[in-house]
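Report on the structure given below.
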Amino acid sequence: MDGDLPQRLRAARAAEPTYPEVGATRRGRLPDGYAHLRRRVHLGRGPEVLERAGRYVLGWGSQLGTGFAVYPGGPAREGATVLLRLSLPGSRWPRLVIPCRVVWTVAAPDRIGFAYGTLPGHPECGEESFLVSMDADGEVWFEVAAFSRLSAWYARLGRPVALLCQHLAIERYLAAVAGHVAHPTPGS
């Protein structure tokens with residue numbers, strides 16, 4: 001299956017997002033007509049924490065730390081198309097290949113992060129953002145915000161399981177970034 005990734009990536013790059021509200025996670029208010037999720041975790045204090053967490057997030061650390069593979073590699077860049085890949089541990093089922101496009105990035109003194117939106121072939125329709133921010137008191141937070149609807153037949157068929165998986169993924173994203181900040185690897 002990995003051998004067809006270049007072909008699948010070409011198809012995803014030629015596709016348009018599957019939802020009209022591209023970039024809505026940047027504005028804060030999530031659009032009506034979707035399920036909304038917004039969760040955040042406190043990471044610590046100060047610009048060093050912001051910078052370390054921001055580098056990790058822009059390097060797809062929240063996804064990689066949750067068990068996803070990202071093809072092709074490299075930091076999140078606005079307009080980039082990627083395939084997130086996930087295989088279920090102990091399963092003989094093929095890997096899920098999830099096409100996404102980075103719809104915005106930010107690297108400001110008080111905010112670092114990005115959002116990606118769904119492309120055809122994604123089990124959901126919508127957008128998810130990953131943002132590290134520092135408030136006026138110097139406290140650093142990592143927030144994941146998402147708006148989505150289930151779109152793939154298998155996701156709609158298993159709606160309760162699909163919604164639970166999305167919630168668990170967001171909790172794991174938060175834990176991956178918090179764990180990285182608490183226990184950084186050399187050079188990170």
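What is the helix-to-structure angle for 159-182, meaning the angle in degrees between its Cα long axis and the longest Cα principal axis of the chain, kept from 0 to 90 and rounded to the nearest 10?
For helix 159-182, the angle is close to 30 degrees.
Taking only the alpha-carbon positions of region 1-111 and ignoring solvent, what does the Debye formula give for the base-10 log of I(q)/I(0) at q = 0.13, 0.19, 0.22, 0.23 Å⁻¹?
-0.64, -1.23, -1.40, -1.42
Rounding to the nearest 10 and keeping the result within 0 to 90°, find how far the Cα-based axis of helix 47-58 lies from the longest principal axis of the chain.
The answer is roughly 10 degrees.
When the chain is treated as a GNM, springs tying every alpha-carbon pair under 10 Å, which of Phe142, Phe68, Phe114 comes out with the largest mean-square fluctuation?
With Cα springs under 10 Å in the chain, the top fluctuation among Phe142, Phe68, Phe114 is at Phe68.
Taking all protein chains together and a probe of 1.4 Å, list Leu86, Leu64 from the most accessible to the least accessible.
Details: Leu86 45, Leu64 95 Å².
Ranking Leu86, Leu64 by accessible area, largest first, yields Leu64, Leu86.
Show Val41, Val22 ordered by accessible area, largest first, where the area counts protein heavy atoms only and the probe is 1.4 Å. Can you show the working numbers first?
Numbers: Val41 40, Val22 65 Å².
Listed by decreasing accessible area, they come as Val22, Val41.
Taking the Cα centre of the chain as the origin, how large is its charge dipole in debye, to the nearest 20, when only Lys and Arg (+1) and Asp and Glu (-1) carry charge on their Cβ atoms?
Details: 22 positive and 17 negative charges, 105 e Å.
Result for the chain is approximately 500 debye, rounded to the nearest 20.
Would you tally the net charge around Ala14, using a Cβ to Cβ cut-off of less than 15 Å, leaving Ala14 out, and scoring K and R as +1, D and E as -1?
Values: positive: Arg8, Arg10, Arg13, Arg101; negative: Glu16.
Charge balance near Ala14 sits at +3.
Tell me, what is the percent relative contact order of region 1-126, built from C-alpha pairs under 8 Å that lie six or more residues apart?
Values: 178 pairs, mean separation 35.8, N = 126.
Result for region 1-126 is 28 percent.
Report the residue, chosen from Asp110, Asp135, Asp32, that carries the largest GNM mean-square fluctuation when the chain is represented by alpha-carbon nodes joined by springs under 10 Å.
Asp32
With only alpha-carbon atoms in the gyration tensor, what are the semi-axes of the equivalent ellipsoid for the chain, in Å, largest first? Mind dumping the intermediate values first?
Details: eigenvalues 138, 68, 54 Å².
The answer is 26, 18, 16 Å, longest axis first.
In the chain, carbon and sulfur make up what percent of the accessible area (probe 1.4 Å)?
Working: 5530 of 9690 Å².
Using a 1.4 Å probe with all protein chains present, the chain comes out at 57 percent carbon and sulfur.
Could you work out which residue, out of Ala178, Ala12, Ala35, moves most in a Gaussian network model of the chain, that is, has the largest mean-square fluctuation with Cα springs under 10 Å?
Of Ala178, Ala12, Ala35, the Gaussian network model singles out Ala35 as fluctuating most.
Could you rank His183, His122 by how accessible they are, 1.4 Å probe, largest area first? Spell out each step's value before the answer.
Numbers: His183 140, His122 25 Å².
Solvent-accessible surface, decreasing: His183, His122.
The values are calculated or read from the model by the stated rules, or taken from the named source; none is laboratory data. Please read these numbers as outputs of a predicted model, since none were measured by experiment. Every residue, glycine among them, receives a Cβ derived from its backbone with ideal geometry; neighbour counts consider all protein chains shown. Just the protein is used for accessible areas: all its heavy atoms, side chains included, with ligands, DNA and RNA removed. Shrake-Rupley method; radii C 1.70, N 1.55, O 1.52, S 1.80 Å.
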